[in-house]
Amino acid sequence: MIERTLVIIKPDAVKRGLMGEIISRLERAGLKIVAAKMVWARREQMEGFYPSDEGWLRSVGNKTLNSYKEMGLDPKAELGTDDPVEIGRMVKRWLVDYMTETPILLLVVEGNHAVSVVRKLVGNTLPYKAEPGTIRGDFSVDSPDLANREKRSIRNLVHASDSPEEARREIAYWFREDEIYSYK
Ligand code: GDP
Ligand code: MG
């Protein structure tokens, strides 16, 4: 079950000097860093990294709509629309703004069940819901109501692939095969 997953240390973590802390949590758990690269991504690069098919936009938009429903807020009043695809597009634009603020650190992380283990160490997408002991839970309290009101992405410190298939695509997007190392 040795898997590889992509971790990105996002601009809020870079600015706050949390790169070392985050890497050390991955290493402490027994995961292996097999590739690393700092990149100041161009907008087009970031736009290509996040999917733009309607299915993905709809799913991101629906998550936003759900958090509005949970908080009893009217999406139309807040965002000018309640169409999930349009909201997904808006969230993606904010995400690209966020991810291009500073350089980011790209890591390929390898280990037993690496994809799900890293997601567990990272914690819930929404930092205010992330458990203490997780990266997002320990270092952020951001929430979608605040982020959407300020028309920006939720700042949640790290990206981690969601499934082995997503991991394969995401790793290949940033790394050539000869930039990923194999060592004992
Ligand atoms: P992740 O896999 O846990 O990072 O979450 P997703 O893949 O669903 O979303 C990608 C990124 O978009 C998240 O990490 C957040 O930075 C941002 N994001 C997700 N949902 C929302 C939202 O409802 N509002 C805002 N402003 N940003 C969001
Ligand atoms: Mg994701």
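The values are calculated or read from the model by the stated rules, or taken from the named source; none is laboratory data. Just so we're clear, the structure is a prediction, and the values are computed from it rather than from any experiment. FYI the Cβ positions are ideal-geometry reconstructions off the backbone, even for glycines, and counts take in every protein chain you see. Only protein heavy atoms, including side chains, enter the accessible area calculation; ligands, DNA and RNA are left aside. Shrake-Rupley method; radii C 1.70, N 1.55, O 1.52, S 1.80 Å.
Overview of values
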| quantity | calculated |
| --- | --- |
| Flag for S161 being touching a strand residue (DSSP E or B) at 6+ places or on another chain (Cβ under 7 Å) and open to solvent by less than 50 Å² (accessible area, probe 1.4 Å) | yes |
| Pairs with Cβ under 8 Å, 6+ apart, first in region 149-167 and touching a residue at least 40 places away in the same chain (Cβ under 8 Å), second more than 13 Å from ligand 2 (Cβ to nearest atom) and aromatic (F, W, Y) | K151/W94; R152/W94; R152/Y98; S153/W94; S153/Y98; R155/Y98; L157/F139 |
| Subset of region 84-100 (residues that are open to solvent by less than 60 Å² (accessible area, probe 1.4 Å) and over 27 Å from A13 (Cα atoms)) | P84, V85 |
| Scope region 134-171; condition assigned to a loop (DSSP other than H, G, I, E, B) and under 18 Å from E101 (Cβ atoms); matching residues | S140, D142, E150, K151, R152, S153, I154, R155, N156, L157 |
| The one condition in (1) away from ligand 1 (no atom under 13 Å from the Cβ); (2) open to solvent by 50 Å² or more (accessible area, probe 1.4 Å) that K120 fails to fulfil | (1) |
| Any chance S153 is open to solvent by less than 20 Å² (accessible area, probe 1.4 Å), within 8 Å of ligand 1 (Cβ to nearest atom) and either among the β-branched types (V, I, T) or at pLDDT below 95 (or both) | no |
| Qualifying residues in region 107-133 (those that are part of a loop (DSSP other than H, G, I, E, B) and either touching a Lys or Arg at 6+ places or on another chain (Cβ under 6 Å) or more than 16 Å from ligand 2 (Cβ to nearest atom) (or both)) - the one nearest to R176 (Cα to Cα) | H113 |
| Count of residues meeting criterion [β-branched (V, I, T) and in a loop (DSSP other than H, G, I, E, B)] in region 80-90 | 1 |
| Candidates R42, R93 - the one that is modelled with pLDDT of 95 or more, among the charged types (D, E, K, R) and away from ligand 1 (no atom under 11 Å from the Cβ) | R42 |
| Residue match in region 59-79 (condition: in contact with a strand residue (DSSP E or B) (Cβ under 9 Å, 6 or more places away or on another chain), open to solvent by 10 Å² or more (accessible area, probe 1.4 Å) and outside any helix (DSSP H, G or I)) | no |
